[in-house]
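Reading through the structure tokens given below for one structure.
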Amino acid sequence: MSARYDQHFLVDKKVIERIAGCIDLDGRTVLEIGPGRGALTAALLERGARVVAIEVDGELVEKLAGQFSRQQQDGRLVLIHGDAVTCPFPDFDVVVSNLPYSASSKITFRLLDTGFEEAVLMYQSEFAHRMLAPPGTPDCGRLSIMVQTYCAVGKVCEISPQSFSPHPKVWSTVVHLVPREPLFPIYDRTIYAKVVRALFSHRRKTVRNCLKSAGSLLGDRRVECLLSSLPHEILSARAEELYLEDFATITNVCSP
């Protein structure tokens, strides 16, 4: 384990094969974030993928370069030493990754903004369960609303700590994301993201009270428009009680 990055390496061959076999990879360019020791990387390459791997740990990059020198030479593997939260993403088709848990949220939102054909991503189970929480339920939040607005998302499998070396203290979950158009029209996606952020910033407050505090994020005029135009049942609800249609309605009321 790298003490600097608190890494837990996936070593269970059955789990690795299941993740790599979730979607068709032949001839596609796969973005792998956090390849670690390369176990999943090897499985992706075996399935005919061209892999672009981003690794923050320089020591691991050197080891991967030696391990996969032939694949680098023939152009089937590109290694990038960088932080996937901030470094430029190369062109890719799909994402298959055991994401670093400490950066899962930032990377997920970045992937949503970047776009992809499909994604198979491993998360800490608590994080994945929040992502999968249906709108209108107590467990839903900004993450679940934003992901489910723009993707069809489903659980692939749960992974025990024994599948890693060293063993983490938590279970992990693999999810499959397929981008799609929002179920309800959204006039301005930038405003939509701001609305969702504002409403979940104080999730115990009603929508009305959240909006009253959101002038700096949404703009005072937009807030005034929302408070005067939205129906009482939306204004009196809390964010976790809203459905995707409600978030779209709120956004479209104040969009140009």
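Points worth noting:
- Applying the Karplus relation 6.51 cos²θ - 1.76 cosθ + 1.60 with θ = phi - 60° to the range 187-198 yields 3J(HN,Hα) values of 6, 9, 6, 5, 5, 4, 4, 5, 4, 4, 4, 5 Hz, where x marks Gly and Pro.
- Between residue 118 and 95, the built amide H atoms are under 5 Å apart, and every one of these is 5 or more places off in sequence or on another chain.
- Alpha-carbon centroid distance for the pair the range 1-62 / the range 91-142, whole angstrom: 17 Å
- Total lysine pairs under 30 Å (Cα atoms) in the chain, excluding pairs fewer than 8 apart on one chain: 19
- Considering only 41, 114, 29, the mean-square fluctuation computed in a Gaussian network model of the chain, springs between alpha carbons under 10 angstrom, is largest for 114.
- Summarised in one figure, the compactness ratio Rg/Rh of the range 189-254, Cα atoms and Kirkwood Rh, is 0.89.
- Near the amide H of residue 186, within less than 5 Å, lie no amide hydrogens of residues on another chain or at least 5 residues away, with H placed in the peptide plane.
- Taking θ as phi - 60° and the Karplus parameters 6.51, -1.76 and 1.60, the scalar couplings of the range 149-155 work out to 5, 10, 9, 7, 10, x, 7 Hz in sequence order, x denoting glycine and proline.
- Ellipticity estimate at 222 nm from DSSP helix runs (n ≥ 4, -39,500 (n - 2.57)) divided over the chain, nearest 500: -11500 deg cm²/dmol
- Each peptide in 164-176, 187-199 receives the mean, over its residues, of other Cβ atoms within 10 Å, and ordering these scores from highest gives 187-199, 164-176.
- Sites residue 13 and residue 139, calculated FRET efficiency, Cβ-Cβ separation with R0 30 Å, nearest 0.05: 0.35
- Zone residues, the range 41-74, relative to residue 87, backbone N less than 15 Å from point 7 Å out along Cα-to-Cβ: 51-66
- Across the range 115-132, rounded Karplus estimates of 3J(HN,Hα) from the backbone phi angles (6.51 cos²θ - 1.76 cosθ + 1.60, θ = phi - 60°) give x, 6, 7, 8, 9, 10, 10, 9, 10, 4, 4, 4, 5, 4, 5, 5, 4, 7 Hz, Gly and Pro being marked x.
- Proximal charge balance of residue 105 [Cβ under 15 Å; K/R count +1, D/E count -1]: +2
- Long-range HN-HN contacts of residue 151 with modeled amide H, under 5 Å: 180
- Kirkwood estimate for the chain, i.e. one over the average of 1/r between Cα atoms, Å: 19.6 Å
Only the coordinates and a few stated rules stand behind these numbers; no lab work does. As the structure is a prediction and not an experimental result, all values here were calculated from the model. Note that each Cβ is placed from the backbone with ideal geometry, even for glycine, and that neighbours are counted across all protein chains shown.
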